[in-house]
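First the structure, in the form of structure tokens, and then the observations on it.
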Amino acid sequence: MYQVNKIAKEKQRATRIWKIVSIILYIVIIPIIIINFTLIIKSFINPNETPSILGYKNYIIVSGSMEPTIMTGDSIFVKEVPENEIKVNDIISFQDGETITTHRIIEITEENGIKKYTTKGDNNQVKDKNKVTYEEIEGKYQFKINGVGTMLHFLQNKIILILLILILIGCYWYSCRINNRKMERKEKRKKYKEEKMKKA
């Protein structure tokens with residue numbers, strides 16, 4: 001009897017752990033899938049633009065030019081803002097040839113009626129060579145998530161996205177299987193009790 005009770009308790013504990021793990025997976029995986037699908041669709045529609053979610057664009061920092069304000073490996077979020085909201089000392093992400101650079105504005109000048117922004121990395125000794133126009137700005141820095149850039153980049157991979165979907169389906173299938181087994185056991189116990197009462 002003791003061994004049976006012990007096994008039953010271990011099964012209950014395993015079931016509870018699985019439920020907690022499933023909830024965590026759903027909370028983490030579902031938003032990632034939704035966000036990644038949205039980004040993939042937007043990138044197909046506008047291949048020349050950085051896709052955004054609710055107006056926010058995400059970039060992963062790969063250099064130390066903005067340290068210690070923004071560290072290598074940080075994931076930053078920028079948002080498009082009106083031109084009159086961009087001031088000196090703001091951090092912006094902008095088109096720099098074929099790459100996106102994130103630096104701080106140190107000076108704003110006007111040339112032929114067009115505003116131009118001089119930028120510099122906090123960790124750089126000299127300012128950037130080329131001035132930035134408003135059209136080249138991807139967005140104004142809003143916030144960052146420390147040290148998760150590599151992980152987010154990893155999760156944005158299409159193959160990883162497919163694996164996440166398969167994991168989600170597997171979790172759902174396993175949960176359904178556990179629930180079905182519980183229902184079967186309940187039905188069996190119910191039938192057993194009914195038969196026992198008939199015999200009595």
Residue hits (the range 76-102; over 15 Å from residue 141 (Cβ atoms) and not acidic (Asp, Glu)) are 82, 84, 95, 97, 99
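One line per residue, one yes/no per condition, for (1) at pLDDT below 75; (2) not β-branched (Val, Ile, Thr):
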| position | (1), (2) |
| --- | --- |
| 88 | no, no |
| 97 | no, yes |
| 118 | no, no |
| 133 | no, no |
| 142 | no, yes |
| 147 | yes, yes |
| 155 | yes, yes |
| 197 | yes, yes |
Of the residues that make up the range 17-24, is at least one over 30 Å from residue 165 (Cβ atoms) and either at pLDDT below 70 or buried (at least 16 other Cβ atoms within 10 Å of the Cβ) (or both)? no
Segments classed as strands (runs of 3 or more DSSP E), wholly inside the range 67-151, with at least 2 members that are hydroxyl-bearing (Ser, Thr, Tyr): 99-111, 114-120
At pLDDT 75 or above, within 30 Å of residue 68 (Cβ to Cβ) and β-branched (Val, Ile, Thr): is that true of residue 169 in this structure? no
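The values are calculated or read from the model by the stated rules, or taken from the named source; none is laboratory data. Note that the structure is a prediction, hence the values are computed from the model and not measured. Glycine also receives a Cβ, built like all others from the backbone with ideal geometry; neighbour counts cover every protein chain displayed.
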